[in-house]
Amino acid sequence: MRSITVGTRGSTLALAQTRWVVARLKEEWPDTDFRIQTISTKGDRSQESLSTLAAKGNKGFWVKEIEDALLGSRIDIAVHSLKDLPTTQPEGLEVACIPPRVDARDVLIGKEGMKRLADLPQGARIGTSSVRRKAFLKAYRPDLNVLDLRGNIDTRLAALSSGEYDAIILAAAGLIRMELRPRIDEFLEADVMLAAPGQGALALETRSDDDLSVEVAYAIHDRNTDDRITAEREFLAGLGAGCMAPVGAHATIKGGTLTLEGWVGAIDGSQVIQATTSGDVAECADLGAELARDMLAQGAAALIEAARD
């Protein structure tokens, strides 16, 4: 029996989504033995805020050690949250598979009487770890007190329960994968908060020359998700931005037409640039690059650079 070692971060969410991946792979490759190996990353170990890590120029702080394990042949397939994966990859590695995406939206979970973003009282304490979400919140509700929130999903929910925050913002996908869908109080639609590029999707990364692992991973690839993600990530790459930038993007496909929404905002919410483009789904990469050029012409680069300072 052939054996495949699958690498992942050790968080509860990372393990939940990796077990889901392995279960799907096992359905396609029943005669293969899959073993999960957890790997600690810089993002897991650091006590600094994510925005501080990003400001210091750290890239791939959720994935580098996992990619090193791939390159060193200590694992065969890596499972990442796709939004954490830089738009450029190390030589010798490739994304062999993008499984079907789950809900890409952000969600609000609040204390009793604070179950909707629009209804939060002035000065309400709202927690998030994301630079993008902070920028959206400041643009939509500048009266809110937006505070840093780190830790895994359980830690964040506990911080809300202890009274440190009046509400918190999380990704719907993580709660759904952790079977915590009933905890969601409000799904935030795109006109309020546009998702991070790639949010809600996973990426299975392999060594480019490992034909067996590439074939195994590709068995659960979803073309529709791939096309949407390609547009979103080409948009992010075209802006010269990373996964910690105040950038939102979301692509949808209907009847062979892909529509891509893009958003870039100032950290303090004082300025917002947004645009939309549509075209044939086969041109998904070009559509992402085109939207990035459009928004750069409107001044998006200055907002992204300011977020790094």
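List of remarks:
- Unique match (being under 16 Å from the mean Cα position of the chain (by Cα), over 15 Å from Met193 (Cα atoms), part of a loop (DSSP other than H, G, I, E, B) and of a type in the set (A, V, I, L, M, F, W, C)) among Val95, Val102: Val102
- Thr128 without any contact (Cβ under 8 Å) to a residue 60 or more places away in the chain, surrounded by 14 or more Cβ atoms within 10 Å (Cβ to Cβ), within 23 Å of the chain's Cα centre (by Cα) and within 18 Å of Lys83 (Cα to Cα): yes
- Of all residues in the stretch 5-39, exactly one satisfies the criterion of being among the small types (Gly, Ala, Ser) and touching a His at 6+ places or on another chain (Cβ under 9 Å), namely Ala14.
- Checked against the criterion of being modelled with pLDDT of 95 or more, buried (at least 19 other Cβ atoms within 10 Å of the Cβ) and not charged (D, E, K, R), the stretch 59-72 contains one or more residues that satisfy it.
- Val79, sole failed condition from (1) surrounded by fewer than 19 Cβ atoms within 10 Å (Cβ to Cβ); (2) under 29 Å from Glu234 (Cα atoms); (3) modelled with pLDDT of 95 or more: (1)
- Candidates Gly113, Gly123 - the one that is modelled with pLDDT under 95, surrounded by fewer than 21 Cβ atoms within 10 Å (Cβ to Cβ) and more than 15 Å from the chain's Cα centre (by Cα): Gly113
- Of all the residues in the stretch 80-102, those that are more than 15 Å from Asp222 (Cα to Cα) and of a type outside the set (S, T, N, Q) number 10.
- Test: residue in the stretch 98-121 that is free of Cβ contacts under 8 Å to residues at least 60 places away in the same chain and in contact with a Pro (Cβ under 8 Å, 6 or more places away or on another chain): yes
- Of residues in the stretch 273-294 being over 21 Å from the mean Cα position of the chain (by Cα) and among the aliphatic types (A, V, I, L, M), the one nearest to Val247 (Cα to Cα): Val281
- Scanning the stretch 150-178 for residues that are assigned to a loop (DSSP other than H, G, I, E, B), under 18 Å from the mean Cα position of the chain (by Cα) and either crowded, with 22+ Cβ neighbours inside 10 Å or touching a residue at least 24 places away in the same chain (Cβ under 8 Å) (or both) yields Arg150, Asn152, Met178.
The values are calculated or read from the model by the stated rules, or taken from the named source; none is laboratory data. It should be emphasised that the depicted structure is a prediction, and the values quoted were computed from it without experimental measurement. We place every Cβ from the backbone using ideal geometry, glycine too, and count neighbours over all the protein chains shown.
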